[in-house]
Amino acid sequence: MWAAIGARGIIGPIFIEENGRNVTVTKERYIKVLNEFWKEVESLYPSLLPKLWFQQDGAPAHTSLIAREWLKNHFGTRIISQLTPFEWVAHSPDLSPPDFYLWGYLKDKVYANKPQSIRELKISIKDEMGKIPKSVCMDVMKNFVKRLRKCMEVNGGHLEHML
């Protein structure tokens, strides 16, 4: 599953499947995810496209040449990722909104419903993501900026315990 979070809301979930089965994320499958993401971004936020930044971790599919070219074509230099001018800081969940907020929140909410099948799990994920208000997304992104500033204050040191 893949999702994006920004100040205006969440895009996703995008389930990574073929023929209804979960599959490993390859560079080709990741491009399909990015294309699906881009269609939604274009539809929802066309005026923001020239200002949007994209942040991702260093998974091999994310840093493949084809993925980096796709990102450059769509975001120019507004990319935070390994092998780009703005390097993503590896192993830094405190600086990734999906890691410090979204995944933990969803896990708590989704599993509270005790889904009995993959189908129920997906429905629960979609439902719970849909319930997250835009105001919460805005707060998450404000917290992200606070975390970035704190990281600079401590010269890149650990900061989760300080927030």
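Read-outs: derived from the displayed coordinates by stated rules, not from any lab. What you are looking at is a predicted structure, and each value in this text was computed from that prediction instead of being measured. Every residue, glycine among them, receives a Cβ derived from its backbone with ideal geometry; neighbour counts consider all protein chains shown.
Summary of computed values
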quantity	calculated
Residue match in the stretch 8-24 (condition: of a type outside the set (S, T, Y), part of a helix (DSSP H, G or I) and either within 17 Å of the chain's Cα centre (by Cα) or over 25 Å from R147 (Cβ atoms) (or both))	no
Residues of the stretch 8-38 satisfying the condition of being surrounded by fewer than 15 Cβ atoms within 10 Å (Cβ to Cβ) and small (G, A, S)	G20
Test for C151: is it crowded, with 18+ Cβ neighbours inside 10 Å, closer than 19 Å to I5 by Cβ, under 15 Å from the mean Cα position of the chain (by Cα) and in contact (Cβ under 8 Å) with a residue 24 or more places away in the chain	no
Output for the stretch 101-127, where each listed residue is over 14 Å from I14 (Cα atoms) and of a type in the set (D, E)	D108, E120
Selection from the stretch 58-90 of residues that are of a type outside the set (F, W, Y), closer than 18 Å to R149 by Cα and free of Cβ contacts under 8 Å to residues at least 60 places away in the same chain	I80, E87, A90
The stretch 5-57: number of residues that are without any contact (Cβ under 8 Å) to a residue 60 or more places away in the chain, within 21 Å of M141 (Cβ to Cβ) and among the hydrophobic types (A, V, I, L, M, F, W, C)	12
